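Can you read through this structure? Questions will come right after.
The values are calculated or read from the model by the stated rules, or taken from the named source; none is laboratory data. No experiment lies behind these values; they were computed from the predicted model shown. A quick note on method: Cβ atoms are made from the backbone with ideal geometry, for glycine too, and the neighbour counts reach across all protein chains shown. These area figures cover heavy atoms from the full protein model, side chains too; ligands, DNA and RNA do not enter into them. Shrake-Rupley method; radii C 1.70, N 1.55, O 1.52, S 1.80 Å.
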Amino acid sequence: MSQHYPALIIVVPLLAALAAAAAGWINKRYCFPIAVASLAASFVSSVFLLGRVIRVKEVIYEMAGWTAPIGIVYRVDALNGLVIVVVTAVALVNLIYSKSAIEEDFPDKMGTYYALYILFATGLAGMVVTGDAFNLYVLMEIASLTGYSLMGLRRDRATVSALNYLIVGTIGATFYLLGVGYIYIATGTLNMAEIASFMSQMSDSGSIRMAFVICLAGLFIKMAFFPLHGWLPNAYTYTPTASIGLIAPLTTKVTVYIMIRMALSVFTPEFSFKTIELSGAIVWLAIIGIVAGSCMALAQKNFKKMFTYIIVAEVGYMVGGFWLGNRAGISGSVLHIANDALMTLALFMAAGIFARKIKGEEISDMQGLFRKMPWTMAAFVLGGLSIIGVPPTCGFFSKWYLISGGIEAGNYYFVGALLFSSLINAVLFFRIFEVAYFEPFSESHGHDHSHGHEAVAVEEAPLGMLIPFYVVAISLVILGIFSGDLITKIIYFAIPAGIV
Amino acid sequence: MKKLGLLTVVVCGVLLLLKTAEFADWGDPNSPASRHLSPYFLENSIKDSAVPNVVTAVLADYRGFDTMFETTVILAAGLACFFILRVRKTEKPKSTYYRHVPTATTLRIIEGAVLPEQSKVFKRIDSVWVPFDLILATTCKAIIPFIQIFALYVIAHGHHSPGGGFQGGVVLGASIILMAISRNLGAAIAHLKEKTTVLMAMIGVFIYAGTGAFAALAGKNFLDYSTLATVLGVDEIMARSHGILIVETGVAIAVMAVMVWIYYNLSSAGKQDEGL
């Protein structure tokens, strides 16, 4: 079975999605076990696959047995080997965490929800492991379509903001597809490795340059890179609890991965960093994006919306760090994909728990939460510290690499933007901690005076939510401690040898 | 803001068009697209899979993995429509319409009144589509079987001529939708229940993915149809050809079912009691 790992990651969830959707019409109790089992199988395969990639550097799986340019191949190296583990892990943990939320929010559409959830994870996982530029688009379609519907079903503004996201996201995906079309016309192939091998003769071709620009523009829209981030805050704020822990951590990160993959393994570093002189401009946009995202986060009263602006700033970290074009910057960017996926997951898991226990979504509604749910808040503090970048949480280490990348490249504005954003994040989270720690808990804004000043009974989140939340929070520290190993054993090999 | 948007669109469009000037001409035999992979497909598709239609060979075999996910995209669209639109608990409508078939009289039953039994004599009809057109209903009833036979032909003939699972599935789905339009939604649902369409959609995609998984279980790579040789009792090349037919059938079932499912949900805003 071991040679089938790349296929198993995708195919097991796909079959399970069909089974879960059918089970929704036959016996709803089977939906959850099917979903968990399939995502667990997918996660285990990706861990084994990463182990194999560390040993043999590159694993290629030929779909239907056709070799590279004729058929579609999956190509897994250190870069996507790492990302695929993150994707499947986040999808699995969030699914276990969301069981009760799904049962409450979608009691009569559970089967369909699980099917959409698994298909979304399948789409993302496929985008990560594929070695074919068009196959990537097909899987992007799956992830987008299911993503829109996972976001869309809630009573308030969710449907409108999901529709808005649908329109913007479709434009982004279409740009990517147009880019692939240009590449195909110019080179006659869709296989990523083969496109790269043609690139040295093609670097002065206008259609290749256009393809590069338009692919990048499409991906920037999809990842909500400043100034194309307009769709993200609303879409994410109104997304149902169960979906947000899947969509927010993964969509932007996987798109950043695709950008890195396209720049390094399709257009080649030579072309992306030297021939086409865009990296300076992109880093500048990233700098503005980091500062603007942080400032907008500071202006929010709603904590969910605040988290969404933090995502916008974090996308700036990764894109900026990558386009610095040196080893430290790219390492930091890749490491941050893994770290930020888990950090964002931790934040939105906490938000999901808060949303069940307090009435509103404002920061001022969080009064007294430390006393009411001490365990949840302890893990939330860990997540907050990681976003700020306090050692030994993982956020510190990726920021460290990003900053040293900035210093190496001599781009002190980028370094400044990172430090500024860290300071703002510190303000953001300590503001929340202050409200939650020092101000007493009051039910629904003091309309009910009877509970006003008495000791608040501890009312923790259910264990089914708390345990997955703790798994994520503790993994933030574990990832931090082992980030040196991640860099030297995996990410080092993900970056082409030519980059110093 | 609107002007800015327009400006962006125009600039993008002009840039894209300008760069198309560097493209090879239409049908240029020396263009990269026709020099690199196309010759292989043209020369070898018969040898590899015994399928005379090169497009089918590329679609369902060489790049069959893409096609499997295209089918899944369609399934995802059906799931999404259902998920967003479907309402299970609906309040009873203010008034319902029935037709007394022997006299062709339309009855409007107001709220609280006793509803007649659904029978040969009393038929429930849509409030937005009261007139019953005998000519339309009869003509469509006569046409539908032929549409369906043609759909089967399109599916089966994908090996030799333009056609295949997607096209055939759409035609098949259209025949059911035609019934719903020419009579009413209830008539179509009575023939093909929602649960049946859902299960058919799942089964359709499962046929495709399951064929692939079978190949993986039998020791070759995922979707390698040549593993079917032992099961079907033919050589590996014919097995590929038959494999394509099997997955095309799966595609047709899935596409047909999802088309109908989406129509049921869209036309009745998810209530599935009264349609267009």
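Give the residue that is surrounded by the most Cβ atoms within 10 Å (Cβ to Cβ), with candidates limited to residues of segment A:202-249 that are of a type in the set (S, T, N, Q) and either closer than 30 Å to residue A:349 by Cβ or away from chain B (no Cβ under 11 Å) (or both).
First, the residues of segment A:202-249 that are of a type in the set (S, T, N, Q): A:203, A:205, A:207, A:234, A:237, A:239, A:241, A:243.
After this cut, where a residue has to be either closer than 30 Å to residue A:349 by Cβ or away from chain B (no Cβ under 11 Å) (or both) as well, the list is A:203, A:234, A:237, A:239, A:241, A:243.
Values: A:203: 16, A:234: 18, A:237: 22, A:239: 27, A:241: 22, A:243: 30.
Filtering first and then ranking leaves A:243.
Being at pLDDT 90 or above and on the phi < 0 side of the Ramachandran plot is true for just one of A:120, A:106. Which residue is that? Please lay out each step first, then the result.
Values: A:106 fails: at pLDDT 90 or above.
Of A:120, A:106, the one residue that is at pLDDT 90 or above and on the phi < 0 side of the Ramachandran plot is A:120.
Would you check if residue B:5 is more than 10 Å from chain A (Cβ to nearest Cβ) and at pLDDT below 85? Working first, answer last.
On the way: more than 10 Å from chain A (Cβ to nearest Cβ): yes; at pLDDT below 85: no.
The answer is no for residue B:5.
Only one of these is loosely packed, with under 15 Cβ neighbours inside 10 Å and modelled with pLDDT under 90: A:443, A:439. Name it. Walk me through it before giving the result.
On the way: A:443 fails: loosely packed, with under 15 Cβ neighbours inside 10 Å.
It is A:439.
Condition first: surrounded by fewer than 22 Cβ atoms within 10 Å (Cβ to Cβ), over 23 Å from residue A:469 (Cβ atoms) and free of Cβ contacts under 8 Å to residues at least 12 places away in the same chain. Can you find one or more residues in segment A:316-330 that meet it?
No, because not a single residue in segment A:316-330 is surrounded by fewer than 22 Cβ atoms within 10 Å (Cβ to Cβ), over 23 Å from residue A:469 (Cβ atoms) and free of Cβ contacts under 8 Å to residues at least 12 places away in the same chain.
Check off (1) open to solvent by 40 Å² or more (accessible area, probe 1.4 Å); (2) at pLDDT 90 or above for residue A:58 and give me the number that stays unchecked.
All conditions are met except number (2).
Open to solvent by less than 60 Å² (accessible area, probe 1.4 Å), free of Cβ contacts under 8 Å to residues at least 12 places away in the same chain and more than 10 Å from chain A (Cβ to nearest Cβ): is that true of residue B:251 in this structure?
On the way: open to solvent by less than 60 Å² (accessible area, probe 1.4 Å): yes; free of Cβ contacts under 8 Å to residues at least 12 places away in the same chain: no; more than 10 Å from chain A (Cβ to nearest Cβ): yes.
Taking the combined requirement at face value, the residue does not satisfy it.
Quick check on this structure: which one of A:122, A:130, A:159 is without any contact (Cβ under 8 Å) to a residue 24 or more places away in the chain, within 10 Å of chain B (Cβ to nearest Cβ) and either of a type in the set (Ser, Thr, Tyr) or open to solvent by 20 Å² or more (accessible area, probe 1.4 Å) (or both)?
Sole residue among the options that is without any contact (Cβ under 8 Å) to a residue 24 or more places away in the chain, within 10 Å of chain B (Cβ to nearest Cβ) and either of a type in the set (Ser, Thr, Tyr) or open to solvent by 20 Å² or more (accessible area, probe 1.4 Å) (or both): A:159.
Looking at (1) under 22 Å from residue B:53 (Cα atoms); (2) within 23 Å of the chain's Cα centre (by Cα); (3) open to solvent by 10 Å² or more (accessible area, probe 1.4 Å), which is the only condition residue B:267 fails?
Just one mismatch for residue B:267, condition (1).
Step by step: first the residues of segment B:59-89, then only those that are more than 9 Å from chain A (Cβ to nearest Cβ) and at pLDDT below 90, then the one that is surrounded by the fewest Cβ atoms within 10 Å (Cβ to Cβ). Which residue is that?
B:87
Would you say residue A:79 is under 25 Å from residue A:252 (Cβ atoms) and more than 10 Å from every other protein chain (Cβ to nearest Cβ)?
yes
Within segment B:220-232, identify whether any single residue is more than 8 Å from chain A (Cβ to nearest Cβ), touching a Ser or Thr at 6+ places or on another chain (Cβ under 7 Å) and open to solvent by 10 Å² or more (accessible area, probe 1.4 Å), and answer yes or no.
From segment B:220-232, those more than 8 Å from chain A (Cβ to nearest Cβ) are B:227-232; that's our starting set.
Those still in the list that are touching a Ser or Thr at 6+ places or on another chain (Cβ under 7 Å) too: none.
No, segment B:220-232 contains no residue that is more than 8 Å from chain A (Cβ to nearest Cβ), touching a Ser or Thr at 6+ places or on another chain (Cβ under 7 Å) and open to solvent by 10 Å² or more (accessible area, probe 1.4 Å).
In addition: Would you pick out the residues in segment B:16-32 that are surrounded by 10 or more Cβ atoms within 10 Å (Cβ to Cβ), hydrophobic (A, V, I, L, M, F, W, C) and in a helix (DSSP H, G or I)?
Scanning segment B:16-32 gives B:16, B:18.
For segment A:173-192, which positions are closer than 18 Å to residue B:35 by Cα and open to solvent by 50 Å² or more (accessible area, probe 1.4 Å)?
Correct list: A:184, A:185.
Being at negative phi and either more than 7 Å from chain A (Cβ to nearest Cβ) or polar (S, T, N, Q) (or both): is that true of residue B:37 here?
no
While we're looking at this one, here's another question. Tell me whether segment B:7-15 contains one or more residues that are over 26 Å from the mean Cα position of the chain (by Cα), loosely packed, with under 10 Cβ neighbours inside 10 Å and in a helix (DSSP H, G or I). Working first, answer last.
Taking segment B:7-15 first, the residues over 26 Å from the mean Cα position of the chain (by Cα) are B:7-15.
If we keep only those that are loosely packed, with under 10 Cβ neighbours inside 10 Å as well, we get none.
No, there is no match, as no residue in segment B:7-15 is over 26 Å from the mean Cα position of the chain (by Cα), loosely packed, with under 10 Cβ neighbours inside 10 Å and in a helix (DSSP H, G or I).
Quick one: residue B:56 ticks every box in (1) touching a helix residue (DSSP H, G or I) at 6+ places or on another chain (Cβ under 7 Å); (2) within 12 Å of chain A (Cβ to nearest Cβ); (3) modelled with pLDDT of 85 or more bar one, so which box is it?
Tallying (1) touching a helix residue (DSSP H, G or I) at 6+ places or on another chain (Cβ under 7 Å); (2) within 12 Å of chain A (Cβ to nearest Cβ); (3) modelled with pLDDT of 85 or more, residue B:56 fails exactly one: (2).
Could you tell me which residue of segment A:24-41 is nearest to the other protein chains (Cβ to nearest Cβ), considering only residues that are among the small types (Gly, Ala, Ser) and open to solvent by 10 Å² or more (accessible area, probe 1.4 Å)?
If we filter segment A:24-41 for residues that are among the small types (Gly, Ala, Ser), which is where we start, we get A:24, A:35, A:37-38, A:40-41.
With the extra rule that they be open to solvent by 10 Å² or more (accessible area, probe 1.4 Å), the set shrinks to A:24, A:37, A:40-41.
Details: A:24: 8, A:37: 15, A:40: 18, A:41: 13 Å.
For segment A:24-41, the residue satisfying everything is A:24.
So residue B:212 ticks every box in (1) free of Cβ contacts under 8 Å to residues at least 60 places away in the same chain; (2) of a type outside the set (D, E, K, R); (3) within 9 Å of another protein chain (Cβ to nearest Cβ) but one. Which box is left unticked?
(1)
If you check A:8, A:18, which single one turns out to be facing another protein chain (nearest Cβ under 10 Å), within 30 Å of residue A:483 (Cβ to Cβ) and of a type in the set (A, V, I, L, M)?
Numbers: A:18 fails: within 30 Å of residue A:483 (Cβ to Cβ).
Checking each option against the conditions leaves just A:8.
While we're here: Could you list, in sequence order, all residues of segment A:373-415 that are hydrophobic (A, V, I, L, M, F, W, C), open to solvent by 40 Å² or more (accessible area, probe 1.4 Å), in contact (Cβ under 8 Å) with a residue 60 or more places away in the chain and under 21 Å from residue A:326 (Cα atoms)?
If the condition is that a residue be hydrophobic (A, V, I, L, M, F, W, C), open to solvent by 40 Å² or more (accessible area, probe 1.4 Å), in contact (Cβ under 8 Å) with a residue 60 or more places away in the chain and under 21 Å from residue A:326 (Cα atoms), then A:396, A:397, A:400, A:409 are the ones that fit.
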